[in-house]
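One structure is given below, encoded as structure tokens.
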Amino acid sequence: MRSLLRRSLPVEEPAGPLTGYKLAYPFLSADDRWAGFAGLSIGGQHVYGPLAEAACVWSRRHTPPKRTCSCGFYCFHALAPARAMACETRYRPTVLLEVAVTGNFIRYQDGLRYGRQRVRTVRVGRCRCGRPATVLVDSGSGLAGWRQLEPTCAGCGGWSAGLTFRALAERLGGTISVVSDCEPAPAGRPADASLCVPEPGAVEPRAGGPRGPARAGEPSLAVVAAEVALLQARLDELQRDLARLSGDDPSGAAR
Ligand SMILES: [Zn+2]
Ligand SMILES: [Zn+2]
């Protein structure tokens, strides 16, 4: 029966590594020098690096992925289901990894189970407040030798010491790109833009403030700057007039 089952599965030999998308909790080593990731369920107590090989947590007698076991790494074929999963409460502090799957794998309808992966890109999602995260701060949780990080926006991060995307990339060995997973809103959908910040460090419009993201028909930044310059010039003129009045008027000076 087992041999029949084995024969029923086709053997696939892709030309190159397969691409997958998965969630993982980000970690920073105790000495602040290295970063890594931990899985969501089985194997979640083990931090892995950019290049990682799975080990079976149930048995040392086989290497993942074994068909009759549940061991190995998991990933989705597409980005969308990984993003959808990231909305779940317990997965909010995760980051999204784009991985290259090498070695043996088992293909499922939505993704793969496999034994070896290389992280290509780290995509950082939103802060708990809904804005795109721009730094990763200590979450307060951790494993032996590793502090768990949490994606946060600059506003909510407050006084906490945070790792920038560049600092995280450096601690992953410098060959992995760390990017925001918040894509710019398409043209004609300004409402979505209120949740997006283009780059860390960029001036962010205050939520609920008088001036939200630029819409068609609103004055551009250049126009606003010109208005401010004009106002400043008028104030300077007024101050000169006041100074002249107080200085040139002898009756005023005598009183
Ligand atoms: Zn196993
Ligand atoms: Zn926030």
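The values are calculated or read from the model by the stated rules, or taken from the named source; none is laboratory data. Just so it is clear, the model here is predicted, and its values are computed rather than measured. Using ideal geometry, Cβ is built from the backbone for each residue, glycine included, and neighbour counts are taken over all protein chains shown.
Just a few scattered comments:
- Matching residues in region 57-85 - criterion: being crowded, with 19+ Cβ neighbours inside 10 Å and either assigned to a loop (DSSP other than H, G, I, E, B) or of a type in the set (Asp, Glu) (or both): 64, 65, 71, 72
- Annotation for region 21-28: no member residue is surrounded by 19 or more Cβ atoms within 10 Å (Cβ to Cβ), assigned to a loop (DSSP other than H, G, I, E, B) and touching a Ser or Thr at 6+ places or on another chain (Cβ under 8 Å).
- For residue 129, the criteria (1) surrounded by 21 or more Cβ atoms within 10 Å (Cβ to Cβ); (2) of a type in the set (A, V, I, L, M, F, W, C); (3) within 16 Å of ligand 2 (Cβ to nearest atom) hold in every case but one, which is (1).
- Filtering region 29-42 to residues that are assigned to a loop (DSSP other than H, G, I, E, B) and touching a Phe, Trp or Tyr at 6+ places or on another chain (Cβ under 8 Å) leaves 30, 39, 40.
- So residue 98, is it modelled with pLDDT of 95 or more and either touching a strand residue (DSSP E or B) at 6+ places or on another chain (Cβ under 7 Å) or more than 16 Å from ligand 2 (Cβ to nearest atom) (or both): yes
- Any hit, region 113-121, residues being of a type in the set (S, T, N, Q) and at pLDDT below 95: no
- For beta carbons closer than 7 Å, sequence separation of 6+ or different chains, a first residue in region 166-177 that is surrounded by fewer than 19 Cβ atoms within 10 Å (Cβ to Cβ) and a second that is assigned to a helix (DSSP H, G or I), the qualifying pairs are 177/169.
- Subset of region 135-160 [more than 9 Å from ligand 2 (Cβ to nearest atom), at pLDDT below 95 and not in a strand (DSSP E or B)]: 158, 159, 160
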